[in-house]
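Some notes on the structure that comes next.
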């Protein structure tokens, strides 16, 4: 039970994936963004299964800062797309996020790896989760991971329905882009800390 509480509390906290879900809801793209949510869940399942069966040897600690760098660059790219988008009306929306956007942003998010490592290397063995149960529990947690940006998108959709003026959509889009940049800066900082070493 503590595994689910731990992972859900971390996954539902604000971060780049959830900001992107919120923005999708604000811009009225909830239905078009289902693939993005599935991509996030698939990325988490891949990471949980890899670390669940191979342990922390799958990705050495010394590689995490390089993953953070690639994640920061990809986050900056998505933020730029968000900042440059111009919503002229509630019917005119920027391109929807897709499955691969969700997959890559989550695979390249070093925070996801840092959340998964204690679960797979400490909590799974302590709860006697082995063999096929690793896949089953990982699948359940990954479904919860898909639900996090979906929940943010639903909140965004509720807020978006209250806003009729496209100027506000553009302003909120810019705010979401800036929040993504801040998330990318934290990832880039993780890269710099990793380069300095212990």
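The values are calculated or read from the model by the stated rules, or taken from the named source; none is laboratory data. In this text, all values refer to a predicted model and were calculated from it rather than measured experimentally. Every residue, glycine as well, gets a Cβ built from its backbone with ideal geometry; the counts of neighbours run over all protein chains shown.
Descriptive notes on the structure:
- Selected residue (criterion: modelled with the highest pLDDT) from residues of segment 29-48 that are farther than 15 Å from residue 150 by Cβ and either touching a strand residue (DSSP E or B) at 6+ places or on another chain (Cβ under 7 Å) or crowded, with 17+ Cβ neighbours inside 10 Å (or both): 45
- If you go through segment 93-127 and keep only what is part of a helix (DSSP H, G or I), surrounded by fewer than 21 Cβ atoms within 10 Å (Cβ to Cβ) and at pLDDT 85 or above, you end up with 99, 100, 103, 104, 107.
- Close contacts from segment 94-111, counting a first residue that is under 17 Å from residue 25 (Cβ atoms) and a second that is in a loop (DSSP other than H, G, I, E, B), with Cβ to Cβ under 6 Å and a gap of 6+ residues or different chains, come to 94/85; 96/29.
- Some residue of segment 70-78 being part of a helix (DSSP H, G or I), at pLDDT 80 or above and in contact with a helix residue (DSSP H, G or I) (Cβ under 6 Å, 6 or more places away or on another chain): yes
- Top-ranked residue in segment 130-154 [being touching a residue at least 60 places away in the same chain (Cβ under 8 Å) and over 16 Å from residue 43 (Cβ atoms); ranked as surrounded by the fewest Cβ atoms within 10 Å (Cβ to Cβ)]: 154
- Test for residue 56: is it out of contact with any helix residue (DSSP H, G or I) (no Cβ under 6 Å at 6 or more places or on another chain), modelled with pLDDT under 75 and outside any loop (DSSP other than H, G, I, E, B): no
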